[in-house]
Structure formats: C-alpha cells, structure tokens
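The values are calculated or read from the model by the stated rules, or taken from the named source; none is laboratory data. Note that the coordinates shown come from a computational prediction; the quantities given were computed from them, not determined experimentally. Note: ideal-geometry Cβ built from the backbone for every residue, glycine included; neighbour counts use all protein chains shown.
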Amino acid sequence: MEQFIIKGGVPLHGEVSIGGAKNAALGILAAAIMTDETVTIENVPNVRDTRVLLQAIEGIGAKVKFVSNNTIEINGGSICDVIVDYEYIRKIRASYYLLGALLGKYNKSQVALPGGCNIGSRPIDQHLKGFRALGATVDISHGMINTSAEQLVGGHIYFDVVSVGATINVMMAACLAEGNTILENAAKEPHIVDVANFLNSMGANIKGAGTDIIRIKGVEKLHGTTYSIIPDQIEAGTFMCAAAATAGDVLIKNIIPKHLESLTAKLIEIGCTVEEFDDAIRVVGTENLQSTNVKTLPYPGFPTDMQPQMAAVLSIAKGSSMIIESIFENRFKYVDEIVRMGAKIKVEGNTAYVEGVEKLTGAQMSSPDLRAGAALVIAALSAEGISQIDEIEYIQRGYEDFEIKLQDLGAIIERIDSEKEALKTKLKIG
Ligand code: UD1
C-alpha cells in the first residue's frame, strides 16, 4: 500500500501548472460514446477515476486509445453491450454517466446501482426522475438500474435538489431525444458548462448551461469532435490552500480564476494576498492567518470539494472558525485524523467548530476519501515534523502527479510503498 511521508514546515514557493478538470472529464468521456465517429479529448487528467471510467467504456465495446498521457481517442462505433457492471460503479460512481449516454444513443442502458460512499448516502433519484420525464421506463432489479424507451421525447424537468450528476446525466440523454427539453433548477458548476460545450461541439443543441435553466433541442445524431477539457478548479484550489497553510508564495497557472472566486474571497479574508491574472492566480500566505466562517453551497458558492482543504488552513488560523457542510452529510471524516496532529476541531451535526492552534505536529494518519486526503497533505505540509499518510490511493483518484508538483514547489514529500521504505525515508529526511 502506497503512503506519503511528509516533512512539514517548508513554505511552498514557485509555480505549478494545473491539469484538466477530473469531474468534467468524467462527464465528457462518457458522452464521447454517444457518436459512432471518433472523438479526441485533450487535457484529460490521467488519474485513477478517469482510468477506471475508460475501462468501463472499453468494457461495453468502445475503442479507447491513449494518443499521449493526457489525450484520448474514443470511438463508440463498436459498442456491443449497454451493461455496466458493479465492478466499475464500486470504483467510480460516475460510471453512472453511461446510463444517460447509452440511453440517449441506444434508447436503453443497464448500469449497476451505486451504493453510498465515504462522504454520504448519495441517492440518484433525480437522475431517474429526469430519465422518466424523457419517456423512459426505469426500474431497479438485482442491483441494476434498467432504462429503456421506444423513443426518448423531450420533457420539462424541475430538479428537487441541485445536482451536478443529475444535470449532466439527463442533459446527455436529452440531446438525442425527440423535441425540446427544459431542465430547471439545474446545477451551474463549470464542468456542467464544459460537458454542454463538448456535446455542442458534437452537434448537440444545448443552451443555458451555467444558468439554472438549460434548454436542449434534440438532434438526430452526434458526430466526432476534438475538444480540450477546462482546468481543474479543485486541484487549483488545493494548491491555493497549500500555499496559504505553509505561508508560501505560489503562482497557480493554467486556470480560470473566475471559477475560484469563492475560495479567493475566503483566502483574502483570512489574510492571504491573492493576485489574479488572465489564466493564473498567485497566493501569498502569512504566518498570521485569521479565522473565518465557511458554508458549502452549489456553485458559485463555496465548493464542498474544497471544504476539507480549507479546514486544514483554518486549523492554524488565529481564532474560532465555523464550517457548515450543506451538501454531503458525512464530509468531516478527516477531523479525527487532523485532531491527531493537534488541531482543535469539534463536529456537531453538519458544522465543524475550529479553534485555531499555533502549529500542528506531524503524525501518522489515514486518508478517508479523496479531498479529505488532500486536506491531510496540506495539514502535514504546514506541520512541525514528519507525517505519514496511508490510503493515498484515494488521493490518486483525483490528483495527477500530486507529490511531484508539490516537490517542485519545495515540499519535502515522498511516495513510498513499504514500511521498510517508510523507515528509510524518515531517516533520510528526518
Ligand atoms: C458532484 C461531484 C463531486 C462534488 C458534488 C457537489 C462529480 C463526478 N462529482 O458529485 O465531486 O462534491 O458534485 O459539488 O462531478 N442528490 C439527491 N438526489 C440525486 C442526486 C443528488 O438527493 O439524485 C443530493 C446529494 O445527496 C447531495 C446533493 O444532491 O446532497 C448534491 O449532489 P450532486 O450535485 O449530485 O453530487 P454528485 O454529482 O454526486
């Protein structure tokens, strides 16, 4: 099992370039099978989640070719199956995007029902409500979701909750439905816009993505395209928090600063200097961070995917901070780990109360999920002494070359895969 060994207390300095957005890539890779022509997708982050989804796509018979590390060609012309097994869903929930993509293209799909996950129970009722509104029959049996329709027809859907996944899934299916579809109370995240732009580049007719009403005019078929995925706002935000927590000075390049406004505002509020450029942000931290309150909300609010990393920063900010998690019910699992580093955080319901401490001290920890794992890395980078983080495969689900990018900024971090190596590394850096 791979682990990170980190010696903290080194301010990060330098430049880091951000990769393609994982969550946009998951929607786009699934949508790429909706044409029989070849689709070329650039700036795909080469992380565990995208690799597993590509295996699921190959599993149904599509052709997948890595043109380079971050450019992928997909051809859905050879699809022979519309069944996606539990094996994939268990590893990557977003395999459920194949439900909407296959339903749109073939009028049927069969995908294993995802279970709960580390951050909450995560129902998919809104996805299914959307498919039904497009005229599909949807039933769940033997752990599989089965959808089918004679012909999908456009519909008017009002989502009861703002859901990124449901918006993308139903938007994909509606592209090939007969007539017009209106999605109301749609999610507005940057990756919704990216998936819509991608589908439009394949010949779809989607308007309004990025607002809460999306209008889709069904088309008969989609065609091949070449498309480059937007930068990952969460990877960027993670490096911004790492710069803040280590009192560093980091230029985060190849990003869309607008996507990070809610985080930028919070970092300025707690005393960091943040400079925005056309496609970069510079964050200069301070030894004298101040407290603040944060509430996670759908975009353009503060992202739930940045909540753990921000908590790591606030754990060493002067005063009391309050963090309200309003999207997922179980997203404070990292608290027990970070408390082992000396942080003072108490969780009551969906709120974490943080009493800033002067410094954290290195400890052995286990990564509970993807973003929580990134938060532990940030905490360890800021801490005095050595930390050892287990279960880093969660972190590798969403960060490409994480430790290499951090090393380039001066961080002392090593990825090791045995206890023997852990001991050797600790002796070397200790
Ligand atoms: C996506 C992101 C994830 C991010 C989340 C919120 C991907 C692959 N993942 O997850 O990183 O943390 O958005 O920004 O893009 N809900 C329902 N019924 C549904 C669907 C959702 O009640 O049918 C609820 C969820 O339990 C949650 C809220 O709606 O409380 C938002 O979930 P949603 O936006 O769907 O998250 P995901 O798409 O799963």
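Using the structure shown, decide if residue 123 is assigned to a loop (DSSP other than H, G, I, E, B), under 24 Å from the mean Cα position of the chain (by Cα) and surrounded by 23 or more Cβ atoms within 10 Å (Cβ to Cβ). First the steps, then the outcome.
Working: assigned to a loop (DSSP other than H, G, I, E, B): yes; under 24 Å from the mean Cα position of the chain (by Cα): yes; surrounded by 23 or more Cβ atoms within 10 Å (Cβ to Cβ): no.
Answer is no for this residue.
Between 133, 166, which is within 14 Å of the ligand (Cβ to nearest atom), more than 24 Å from the chain's Cα centre (by Cα) and either at pLDDT 90 or above or more than 27 Å from residue 193 (Cβ to Cβ) (or both)?
Values: 166 fails: more than 24 Å from the chain's Cα centre (by Cα).
Going through 133, 166 in turn, the sole match is 133.
Before we move on, is residue 105 farther than 24 Å from residue 184 by Cβ and either of a type in the set (S, T, N, Q) or more than 22 Å from the chain's Cα centre (by Cα) (or both)? Step through it out loud before you land on a result.
Values: farther than 24 Å from residue 184 by Cβ: yes; either of a type in the set (S, T, N, Q) or more than 22 Å from the chain's Cα centre (by Cα) (or both): yes.
For residue 105, the condition - farther than 24 Å from residue 184 by Cβ and either of a type in the set (S, T, N, Q) or more than 22 Å from the chain's Cα centre (by Cα) (or both) - is met.
Anything in segment 231-253 that is under 20 Å from residue 20 (Cα atoms) and over 17 Å from the mean Cα position of the chain (by Cα)? List them, or say none. Can you show your working first?
Step one: of segment 231-253, the residues under 20 Å from residue 20 (Cα atoms) are 231-242, 250-253.
Within segment 231-253, 242, 250, 251, 252, 253 qualify.
Answer yes or no: is there a residue in segment 223-246 that is in contact (Cβ under 8 Å) with a residue 12 or more places away in the chain, among the β-branched types (Val, Ile, Thr) and farther than 28 Å from residue 30 by Cβ.
Of all residues in segment 223-246, those in contact (Cβ under 8 Å) with a residue 12 or more places away in the chain come to 223-246.
With among the β-branched types (Val, Ile, Thr) added as a condition, the list becomes 225-226, 229-230, 234, 238, 246.
From the residues that got through so far, the ones that are farther than 28 Å from residue 30 by Cβ too are 246.
Yes, the conditions are met somewhere in segment 223-246.
Which of the residues spanning segment 416-430 are touching a strand residue (DSSP E or B) at 6+ places or on another chain (Cβ under 7 Å) and part of a helix (DSSP H, G or I)? Break it down into steps so the answer makes sense when it comes.
Of the residues in segment 416-430, the ones touching a strand residue (DSSP E or B) at 6+ places or on another chain (Cβ under 7 Å) are 416, 422, 425-426, 429-430.
Scanning segment 416-430 gives 422, 425, 426, 429.
Given (1) closer than 22 Å to residue 248 by Cα; (2) surrounded by 19 or more Cβ atoms within 10 Å (Cβ to Cβ), identify the lone condition not met by residue 361.
The failed condition is (2).
Might you let me know whether segment 16-37 holds any residue that is surrounded by fewer than 24 Cβ atoms within 10 Å (Cβ to Cβ) and either of a type in the set (Lys, Arg) or at positive phi (or both)?
no
Any idea which of 404, 392 is over 24 Å from residue 287 (Cβ atoms) and in contact with a Gly (Cβ under 8 Å, 6 or more places away or on another chain)? Lay out the reasoning, then the answer.
On the way: 404 fails: in contact with a Gly (Cβ under 8 Å, 6 or more places away or on another chain).
The match here is 392.
Condition first: touching a residue at least 40 places away in the same chain (Cβ under 8 Å), within 14 Å of the ligand (Cβ to nearest atom) and under 20 Å from the mean Cα position of the chain (by Cα). Can you find one or more residues in segment 57-79 that meet it?
No, there is no match, as no residue in segment 57-79 is touching a residue at least 40 places away in the same chain (Cβ under 8 Å), within 14 Å of the ligand (Cβ to nearest atom) and under 20 Å from the mean Cα position of the chain (by Cα).
Just one of the numbered conditions (1) under 24 Å from the mean Cα position of the chain (by Cα); (2) within 21 Å of residue 352 (Cα to Cα) is not true of residue 259; which one?
Going through the list (1) under 24 Å from the mean Cα position of the chain (by Cα); (2) within 21 Å of residue 352 (Cα to Cα), residue 259 breaks only (2).
Given (1) within 30 Å of residue 113 (Cβ to Cβ); (2) touching a residue at least 12 places away in the same chain (Cβ under 8 Å); (3) not acidic (Asp, Glu), identify the lone condition not met by residue 51.
With (1) within 30 Å of residue 113 (Cβ to Cβ); (2) touching a residue at least 12 places away in the same chain (Cβ under 8 Å); (3) not acidic (Asp, Glu) applied to residue 51, the lone miss is (2).
Yes/no per residue for (1) part of a loop (DSSP other than H, G, I, E, B); (2) within 16 Å of the ligand (Cβ to nearest atom); (3) not assigned by TED's automatic domain parsing to the domain that holds residue 62:
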residue: 173; (1), (2), (3): no, yes, no
residue: 181; (1), (2), (3): no, no, no
residue: 187; (1), (2), (3): yes, yes, no
residue: 192; (1), (2), (3): no, yes, no
residue: 203; (1), (2), (3): yes, no, no
residue: 216; (1), (2), (3): no, no, no
residue: 221; (1), (2), (3): yes, no, no
residue: 224; (1), (2), (3): yes, no, no
residue: 243; (1), (2), (3): no, no, yes
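Please find, among 313, 274, 284, the residue that is in contact with a Cys (Cβ under 9 Å, 6 or more places away or on another chain) and surrounded by fewer than 22 Cβ atoms within 10 Å (Cβ to Cβ). It would help to see each step written out before you state the result.
Numbers: 313 fails: surrounded by fewer than 22 Cβ atoms within 10 Å (Cβ to Cβ); 274 fails: in contact with a Cys (Cβ under 9 Å, 6 or more places away or on another chain).
After applying the criteria, what remains is 284.
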